[in-house]
Amino acid sequence: MSRLTIAAGVVAVVVILLGSGVWLRRAARSRERITETSTVIAPSTTSVSSANQPPLSAAPGFLYGRVTTIDGATFEGRLRFGRDQEAFWGDYFNGRKTRNPWAAYVPAERLPKERRRAHHFLGFWFGPMQVRTAPLDRLLMARFGDIARVQASARVVQVTLKSGTVFDLPRSEASDFDDGVRVWMGTGGVVDLDSLRIRTIEFLPTASLAGAPTRLHATVRTAHGEFTGFIQWDRQECTGSDTLYTRNASGRLELPFDTVRSIARRSSGGALVTLTDGREIAVWKTQRGDGNHGVYVDDRRYGRVLVPWEAFVRLDFSPADSGPAYGDFPPGRRLAGSVTTRDGRRLAGRLVYDLDESETSETLDAPSEGVDYTIPFGLVASIVLPAGGAGADQRADVTLQSGEELHLKREGDLGARNGGMLIFAADKQHPEYVPWSDVARIELDRPPAMFPPLGDR
């Protein structure tokens with residue numbers, strides 16, 4: 001059998017598998033929409049106002065803005081992206097930056113390299129191994145409270161931060177924008193806007209809202225510690241009116257989060273859900289899809305952590321307000337500080353980390369003890385990288401502006417794929433580039449304002 005015949009067969013199998021995957025995902029989504037056989041657990045007491053129009057309340061943590069469509073219509077009110085996803089200023093807008101302007105400051109021969117196959121097709125690499133420049137595209141992760149506006153054209157989604165920094169995302173890579181937006185207008189109407197209809201989204205301080213739901217706040221326990229703050233269950237559900245989708249021996253259950261007091265993982269599998277009225281329900285699953293994607297916790301010590309289901313032990317809900325307001329997020333400032341190299345040089349000035357992060361509102365992402373940390377750089381005081389590379393057991397010592405020290409694994413932004421550091425010294429015409437393997441220590445200046453607030457050391 002010729003190589004061409006084998007390759008054709010492989011491609012055919014891949015196409016069939018991909019097609020099957022798409023069909024299965026669509027079928028799964030269709031099944032998720034079937035609710036006739038589901039049991040909905042209602043609250044034991046009603047908390048809904050009996051008046052026709054719920055009273056206005058101050059809930060400054062909810063997303064709020066003015067959406068203008070391509071035909072000039074405007075809709076102003078409370079926002080939720082993807083209809084049932086990001087809803088608060090502390091939530092993150094995600095996309096992918098395929099253009100890296102910082103790479104132009106590094107000679108091509110000094111850019112990070114990697115070994116990979118020569119050809120790429122349908123997600124597979126094949127052919128002889130080659131040494132090439134490592135990919136320098138990076139994810140955009142910006143809290144909605146740090147964003148001033150989002151503007152879309154046929155090919156580009158432009159994200160402008162409060163600081164004035166602008167990111168151009170290819171339309172196909174602006175994932176959160178592509179999910180569309182739901183708007184609760186002050187007149188009482190609700191409209192769902194497809195992303196293809198949206199021209200601009202201008203974020204505004206949240207006005208008084210009618211009928212806003214409660215926000216989920218909890219303490220999440222793991223085997224190595226606990227985290228307290230606002231949460232997104234399964235990386236999505238974040239209000240009391242959202243639904244915990246479960247299943248047990250009686251069938252599918254839908255539990256409004258307002259009825260849930262705690263969720264504990266069972267060693268035998270599944271979880272034990274305790275309701276606010278004291279009832280306990282043993283369930284097999286705790287998410288709307290086939291696997292729980294973990295719990296986001298906005299712990300004020302670190303910014304945000306992701307507790308995967310594998311690390312999750314227990315969650316206990318607690319009452320809270322709607323969270324930080326739009327004005328609580330100050331504009332990001334340029335990263336500044338110093339880099340100490342392994343040969344003892346100390347370079348100070350404006351910093352660009354990983355040929356990517358350049359502002360205090362951008363984040364350092366790395367895991368520890370099964371938990372993924374997303375720490376705004378404005379909270380970080382120093383990073384110390386022990387000699388010996390980013391091996392499986394290697395740790396980096398990350399000291400926060402609060403004085404707390406974390407020992408994070410050499411993965412993510414601390415791993416071997418880090419693009420290195422740019423240092424713009426005030427007395428130099430061009431920046432100095434330090435490859436990641438040559439970095440021994442990074443010290444960051446303390447910003448004058450930050451969210452979460454830095455407080456006193």
| message | Which GluC sites (Glu not before Pro) in the stretch 398-457 sit in a loop by DSSP (not H, G, I, E or B) and have at most 16 other Cβ atoms within 10 Å of their own Cβ? | response | 404
| request: Based on a Kirkwood Rh over C-alpha pairs, give the Stokes-Einstein translational diffusion coefficient of the chain at 25 °C and viscosity 0.890 mPa s in µm²/s. | output: 101 µm²/s
| said: For the stretch 65-128 and the stretch 342-356, what is the centre-to-centre distance using only Cα atoms, to the nearest Å? | reply: 26 Å
| request: Provide 284, 89, 125, 184 ordered by accessible surface of protein heavy atoms (probe 1.4 Å), highest first. | output: 284, 125, 184, 89
| request: For the chain, find the longest principal axis of its Cα atoms and tell me its angle to the long axis of helix 3-33, 0 to 90°, nearest 10. | output: 30 degrees
| request: Hey, can you find the accessible area per residue of the chain for me, probe 1.4 Å, expressed in square angstrom? | output: 50 Å²
| note | With a 1.4 angstrom probe the carbon and sulfur portion of accessible area for the stretch 374-427, in percent, totals 47 percent
| request: Could you give me the radius of gyration and the Dmax of the stretch 108-158, taking only the C-alpha atoms into account and expressing both in angstrom? | output: 17.1, 46
| said: Rounded to two decimal places and with Rh computed the Kirkwood way over Cα pairs, what is Rg over Rh for the stretch 318-443? | reply: 1.01
| remark: Along the stretch 335-350, Karplus-curve 3J(HN,Hα) (6.51, -1.76, 1.60; θ = phi - 60°) to the nearest Hz, with x for Gly and Pro, reads 5, 9, x, 9, 10, 9, 8, 5, 9, x, 6, 10, 10, 10, x, 5
| said: Defining a contact as two alpha carbons under 8 Å apart and six or more residues distant in sequence, what relative contact order in percent does the chain show? | reply: 14 percent
| With each pseudo-label sitting 7 Å past Cα toward Cβ, what's the residue 345-residue 115 distance in nm, one decimal? | 2.8 nm
| note | The FRET efficiency for residue 277 and residue 196, from their Cβ-Cβ distance with R0 = 56 Å and rounded to 0.05, is 0.80
| task | Please report, largest first and rounded to whole Å, the three semi-axes of the ellipsoid equivalent to the stretch 233-306, where each semi-axis is the square root of five times an eigenvalue of the C-alpha gyration tensor. | result | 21, 14, 12
| said: Suppose only helical runs count, i.e. DSSP H with n ≥ 4. What mean residue ellipticity at 222 nm does that imply for the chain under -39500 (n - 2.57) per run, divided by all residues and rounded to the nearest 500 deg cm²/dmol? | reply: -2500 deg cm²/dmol
| message | Would you calculate the convex hull of the Cα atoms in the stretch 169-314 and tell me its volume per residue in Å³? | response | 172 Å³
| message | Please list, in order along the stretch 68-81, the HN-Hα scalar couplings obtained from phi with the Karplus expression 6.51 cos²θ - 1.76 cosθ + 1.60 (θ = phi - 60°), rounded to whole Hz, x for Gly and Pro. | response | 10, 8, 5, 9, x, 6, 10, 9, 10, x, 5, 10, 9, 6
| request: Calculate the tail of P(r) for the stretch 118-231: the fraction of all Cα-Cα distances greater than 26 Å, expressed in %. | output: 47 percent
| request: Any chance you could run the full-extension gain for residue 155 through residue 73? It's 0.36 nm times the residue separation minus the Cα-Cα distance, nm to one decimal. | output: 27.4 nm
| task | Work out the FRET efficiency for residue 241 and residue 168 from their Cβ-Cβ distance, taking R0 = 56 Å, and round it to the nearest 0.05. | result | 0.95
| task | Give a residue-ordered list of calculated ³J(HN,Hα) values for the stretch 246-260 (Karplus: 6.51 cos²θ - 1.76 cosθ + 1.60, θ = phi - 60°; whole Hz; x for Gly, Pro). | result | 9, 8, 9, 4, 7, x, 7, 10, 10, 10, x, 4, 4, 9, 9
| remark: Once all protein chains are kept in place, residue 300 shows an accessible area at probe 1.4 Å, nearest 10 Å², of 140 Å²
| How about the stretch 73-151: which trypsin sites (Lys or Arg not before Pro) there lie in a loop by DSSP and see at most 16 other Cβ atoms within 10 Å? | 83, 99
| task | Quick one: grab the alpha carbon gyration tensor of the stretch 297-378, order the square roots of its eigenvalues as a ≥ b ≥ c, and give me rounded if a/c is under 1.5, else prolate or oblate depending on whether a/b is larger than b/c. | result | oblate
| task | Return the long-range amide H neighbours of residue 322 (sequence gap of 5 or more, or a different chain), with a cut-off of under 5 Å between placed amide H atoms. | result | 61
| Heavy-atom SASA rank of 430, 407 (probe 1.4 Å, accessible area, largest first) | 430, 407
| task | Rank these residues by their accessible area, most exposed first, probe 1.4 Å: 280, 359. | result | 280, 359
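The values are calculated or read from the model by the stated rules, or taken from the named source; none is laboratory data. Bear in mind that the values here come from a model prediction, so they are computed numbers and not experimental data. Quick reminder, even Gly has a Cβ in these numbers, built from the backbone with ideal geometry, and neighbours come from all protein chains shown. Protein only, heavy atoms only, side chains kept; ligands, DNA and RNA dropped before computing areas. Shrake-Rupley method; radii C 1.70, N 1.55, O 1.52, S 1.80 Å.
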